[in-house]
There are 4 protein chains.
Amino acid sequence: MAPADRPVSENTFRVRYAETDAMAITHHSNYIVYFEEARSHYSREAGADYAEFERSGYWLTVAEVHARYIVPTHYAQLITARCWIEALKSRMIMFSYEIVDAETRQVCVTGYSKHVCISHDGRVSKIPESWLARMKNGLPDP
Amino acid sequence: MAPADRPVSENTFRVRYAETDAMAITHHSNYIVYFEEARSHYSREAGADYAEFERSGYWLTVAEVHARYIVPTHYAQLITARCWIEALKSRMIMFSYEIVDAETRQVCVTGYSKHVCISHDGRVSKIPESWLARMKNGLPDP
Amino acid sequence: MAPADRPVSENTFRVRYAETDAMAITHHSNYIVYFEEARSHYSREAGADYAEFERSGYWLTVAEVHARYIVPTHYAQLITARCWIEALKSRMIMFSYEIVDAETRQVCVTGYSKHVCISHDGRVSKIPESWLARMKNGLPDP
Amino acid sequence: MAPADRPVSENTFRVRYAETDAMAITHHSNYIVYFEEARSHYSREAGADYAEFERSGYWLTVAEVHARYIVPTHYAQLITARCWIEALKSRMIMFSYEIVDAETRQVCVTGYSKHVCISHDGRVSKIPESWLARMKNGLPDP
């Protein structure tokens with residue numbers, strides 16, 4: 001469940017036909033992409049646009065990803081990807097996710113991902129202060 | 001690390017260009033697909049072809065998936081997907097994976113997935129005995 | 001160029017990170033998926049929802065697809081997929097597409113696709129009359 | 001039909017589960033990826049590895065792609081992607097493709113793609129001579 005003590009971003013979109021599989025449900029690998037777009041959306045809403053972050057010479061690499069599949073979704077279904085920050089440190093960030101039906105709010109998939117900041121020359125780096133500050137906005141004091 | 005007490009299947013293939021992303025590495029969501037093909041390959045080698053399993057009226061739905069990203073891979077890189085059975089029960093199966101460089105054997109990504117057997121009418125089912133027996137082949141006694 | 005004598009549907013969305021490739025642009029195969037979502041959107045706007053069409057026992061199979069790539073697009077870019085009906089016969093439908101930058105309206109990719117109606121038992125069929133009538137809405141007399 | 005007067009490369013692989021769609025066939029967008037891997041394979045066999053080509057400062061951008069869908073393919077089906085050079089000029093290359101069933105040799109999908117050479121600073125360029133020479137190998141005199 002999304003915690004009540006911090007911002008949760010939501011973006012809503014339809015399952016694409018190409019994302020379905022021979023079971024006539026959304027193929028499980030696509031939720032990993034939905035998670036990614038959910039955290040992009042979160043950072044955009046936080047004024048910490050990820051595209052700019054990359055252009056400033058850094059990447060948030062994916063260190064770990066986990067998904068739990070509860071209820072399948074289907075072609076053209078309107079779903080909402082919810083995203084919040086689970087943990088934020090100087091070199092690491094962890095997001096959590098819920099994919100819910102946009103209308104019924106039934107939780108379909110949950111998950112999390114962990115990310116490490118590296119510079120474009122490949123070294124693990126501190127997350128740049130200005131970006132970090134905006135991402136921290138609204139989080140409870142650690 | 002793949003355990004020594006049970007069969008480990010291996011299939012080797014190249015990273016596709018379409019699987020790379022703007023970081024010029026394999027996008028992390030593709031490993032979830034590599035895992036799936038690795039378990040397909042395992043079952044084929046075990047004489048328990050998954051395509052036939054589906055035709056017999058069952059599905060192995062994905063209940064959970066996890067990946068840990070250690071070293072990135074790149075376009076055209078020859079990689080080997082290693083797969084073994086971590087746990088096998090009457091209604092549940094758990095696979096583990098290692099994606100390694102085909103030549104250096106460096107471990108790039110590890111992961112696991114959990115699956116539940118359902119019949120085509122949507123009910124959680126026992127895994128059919130004949131398929132189960134072939135998948136059990138070579139596993140240590142529980 | 002989209003013709004002035006018929007409806008053109010538009011849906012706007014962002015390029016996903018997973019859709020970029022090692023050239024740091026949107027991989028060309030994704031536009032084929034954008035085309036598909038554009039025609040889904042068109043049919044939904046025409047009151048001829050494709051998901052319902054499928055449930056009624058038919059498929060619109062893809063017989064041919066063509067894309068011309070003019071200007072690359074990038075991660076997080078807001079793009080608009082424009083779609084219109086080029087030709088509509090009792091058993092065949094042809095859509096055309098333009099992918100444009102949502103803000104500048106620069107045309108990035110154009111294309112078309114041809115589709116044949118088949119029933120779920122695999123036979124080429126006439127497009128059901130009720131669906132056809134709604135798709136014909138607004139088209140010039142043939 | 002592949003012409004008899006020039007080399008045709010072949011690579012054989014299985015349709016992945018993630019590539020199927022709710023019609024239980026290979027989603028049509030995946031053939032665009034198969035085409036790409038087929039031309040990668042062609043260039044590798046010609047001793048003109050595309051990964052090296054990129055590292056030398058160039059890209060072969062996709063200007064146009066076309067596919068015609070004749071017979072659907074299915075999960076785990078063994079298919080062969082055949083590829084040959086249709087036309088080769090100083091700045092442009094055109095490939096043709098046939099996706100056939102690996103066993104029956106039935107033609108399932110055909111297509112072509114056109115490519116323009118650009119340098120990494122974005123300018124249309126002549127294809128580097130050494131790469132061009134290897135790709136020309138075996139082609140009929142123009």
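The values are calculated or read from the model by the stated rules, or taken from the named source; none is laboratory data. From a predicted model like this one, the values you see are computed outputs, not experimental measurements. As a convention, Cβ positions derive from the backbone with ideal geometry for all residues, glycine included, and neighbour counts pool all protein chains shown. Side chains included, ligands, DNA and RNA excluded: accessible areas come from the protein's heavy atoms. Shrake-Rupley method; radii C 1.70, N 1.55, O 1.52, S 1.80 Å.
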* Per-residue mean of C-beta atoms belonging to partner chains within 10 Å, peptide D:64-76 -> 5
* When you look at the Cβ of every residue in C:38-45, what mean number of other chain Cβ atoms sits within 10 Å? -> 1
* Structure fact -> Tilt, helix A:30-45 to longest principal axis of chain A (alpha-carbon atoms), in degrees rounded to tens, equals 50
* 3J(HN,Hα) from dihedral phi, the range C:59-73, Karplus parametrisation 6.51/-1.76/1.60, rounded to Hz, x for glycine, proline -> 10, 9, 7, 8, 9, 6, 9, 9, 9, 10, 9, 10, 9, x, 10
* To do: Ignore the peptide's own chain and count Cβ atoms of other chains within 10 Å of each Cβ in C:9-20; give me the average, rounded.
  => 5
* Structure fact -> Residue by residue through the range C:94-103, the couplings from Karplus 6.51 cos²θ - 1.76 cosθ + 1.60 with θ = phi - 60°, in Hz, x for Gly and Pro, are 10, 10, 10, 9, 9, 9, 10, 5, 5, 9
* **Computed FRET value (nearest 0.05) for D:R6 with D:R134, which takes r as the C-beta separation and R₀ as 22 Å** => 0.95
* Structure fact -> Under the helix-only model (-39500 (n - 2.57) for each DSSP H run of 4 or more, divided by the residues of chain C), the mean residue ellipticity at 222 nm, to 500 deg cm²/dmol, is -6000 deg cm²/dmol
* Over the range D:21-142, what is the mean sequence separation of C-alpha contacts under 8 Å (at least six apart), divided by residue count, expressed as relative contact order in percent? -> 27
* Would you pull out the residues with amide H under 5 Å of D:A46's amide H, same chain only if 5 or more places away, H placed 1.01 Å from N? => none
* Asked: Which value, to two decimals, describes the C-alpha radius of gyration of the protein assembly as shown once divided by 2.2 N^0.38 Å?
  -> 0.97
* Would you tell me the accessible area of C:K114, worked out with a 1.4 angstrom probe on the heavy atoms of the protein chains, in Å² to the nearest 10? => 70
* To do: Alpha carbons only, please: Rg and Dmax for chain A, in angstrom.
  => 15.6, 46
* Asked: So what's the range D:27-72 giving for Rg/Rh, alpha carbon basis, Kirkwood Rh from the mean inverse pair distance?
  -> 1.05
* Asked: To the nearest 10 square angstrom, how much accessible area does A:W131 have with a 1.4 angstrom probe?
  -> 20
* Rounded to the nearest 10 Å², what accessible area does B:Y58 show when all protein chains are kept and the probe is 1.4 Å? -> 60
